[in-house]
Every structure is written in structure tokens, then in C-alpha cells.
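Q: Can you read through this structure? Questions will come right after.
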Amino acid sequence: MSAFEARISLIFALTSQSTSLSQRLVADLANETAKYLFPKRFESRTLEEALMTVHDLETIKFKVLSRRDRYEIREMEPYFVAEATMPGKNGFDFGGASQSFNVLAEYLFGKVVIQFRIDSHMCI
């Protein structure tokens, strides 16, 4: 095989590989786009709602009791939310992470928590 033939062979191999990769990327992009346009967990009424939906976002199960033009009345299943702030000045602090983990673990394993708050953006 001459040097010219080797170069031509290499060009064909690279072309084939790039075509295959491009097709795979286009298919992945189409699949991801379809997830946002046709979400499984959220019944969108408009294209705007469908595009604003976050795919695979963990949501609370609910039943729509009443629907109006601009709002819905929903019956939500009960759920719990826990959060801990990590102390530290800059970036990741192992000591703060340890303290925060312990606070969340105590909450998850049933230690009595007296203080709580409900954020104004939560569904109630």
C-alpha cells in the first residue's frame, strides 16, 4: 500500500467515524428534545409550558380538583423536605459538610425537630 492509498484509507475511516458520531449526536439531541416537548409526568396545556418543564424533576403526586383559565386547585400527597446549610467561608468545607450531613441524617432517622419553616414558594 502506497502512502497515497494509506492517506485515502485514513480519510475514509475518519469520514465514516465522524458520520457515525454525528448521527448518534443528532439522535441523542432528538431524544432529549422529545423529553422536553412531550414530558411524561406533566400534562402541559401549551407549548410554552412544555418547553419550561424540567425533565426528570422529582415532583409531588397530585390530583387536579378544579381548573380555571389561570390556575388549578390541586390535592397534593403529603411529603417532607429537609435542608441544611454548610458553614464555611469559601468553597467546600469538610467540617461543614460533616456537620450538615449529621443534621440531615438525624432528621431522616427520626430525631425530633422543633424548628421548621415553610417557604413562600411551596405548594400548600
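Q: What about Leu10, is it part of a helix (DSSP H, G or I), more than 23 Å from the chain's Cα centre (by Cα), modelled with pLDDT of 80 or more and not acidic (Asp, Glu)?
A: yes
Q: Another question about this same structure. Part of a helix (DSSP H, G or I) and modelled with pLDDT of 90 or more, is that true of Thr19?
A: In short, yes.
The values are calculated or read from the model by the stated rules, or taken from the named source; none is laboratory data. Keep in mind it's a predicted model, so treat the numbers as computed, not measured.
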